Amino acid sequence: MATIIFYQKSGCATNARQIRSLTAAGHRVIVKDILKEPWCTQELRLFFGHRPVASWFNPSAPRIKSGEVTPDTIDAASALALMLGDPLLIRRPLIDVDGARCAGFDREPVLSLLGRTAQDDLEGCSREGTSMDCPRK
């Protein structure tokens, strides 16, 4: 099985479910805190591949929900600068499996690791639609 570096927001219930899913599939998961990682532009950029810039963002981030940050209007360099300054904006989890990287739990290499062709309930925020908010940090 694979060794997965999994960048999460500590305390995120959705990320905890995702980690349990990977572990149950027999993978070794090394968990790191996305908010405490000393990101640099080049390293962070590798997780997004050829995906559209708007998909790099965490739609549940407070600054996106409030409309302060509008991902559809931001270029790649500006997006990375914003994310370096506020890691809550980064779509989670960031996954690294032997150099194959992605942002989010709904694409490769995650789907292959779980033996699926489509993701079910492991991508969306566990607290969405509830009165509970995640701690900001």
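The values are calculated or read from the model by the stated rules, or taken from the named source; none is laboratory data. Just so you know, these numbers come straight off a predicted model, no measurement behind them. Note: ideal-geometry Cβ built from the backbone for every residue, glycine included; neighbour counts use all protein chains shown.
Does Ser21 satisfy the criteria of being touching a residue at least 24 places away in the same chain (Cβ under 8 Å), touching a helix residue (DSSP H, G or I) at 6+ places or on another chain (Cβ under 9 Å) and closer than 18 Å to Asp96 by Cα?
Yes.
Let me spell it out: the conditions are (1) at pLDDT 95 or above; (2) farther than 15 Å from Gln42 by Cα, and Leu80 meets all of them except one. Which number is the exception?
All conditions pass for Leu80, except number (2).
Can you pull out the strands (runs of 3 or more DSSP E) entirely within segment 1-116 that have at least 3 residues that are surrounded by fewer than 19 Cβ atoms within 10 Å (Cβ to Cβ)? So that I can check it myself, show each step before the final result.
Values: elements: 3-8, 28-33, 94-97, 100-103.
Where strands (runs of 3 or more DSSP E) fall fully within segment 1-116 and carry at least 3 residues being surrounded by fewer than 19 Cβ atoms within 10 Å (Cβ to Cβ), they are 28-33.
So the check is Cβ under 8 Å with 6+ separation or different chains; which pairs have a first residue in segment 55-72 that's more than 16 Å from Leu44 (Cβ to Cβ) and a second one that's assigned to a helix (DSSP H, G or I) and of a type in the set (Gly, Ala, Ser)?
Listed pairs, sorted by first residue: Asp72/Ala54.
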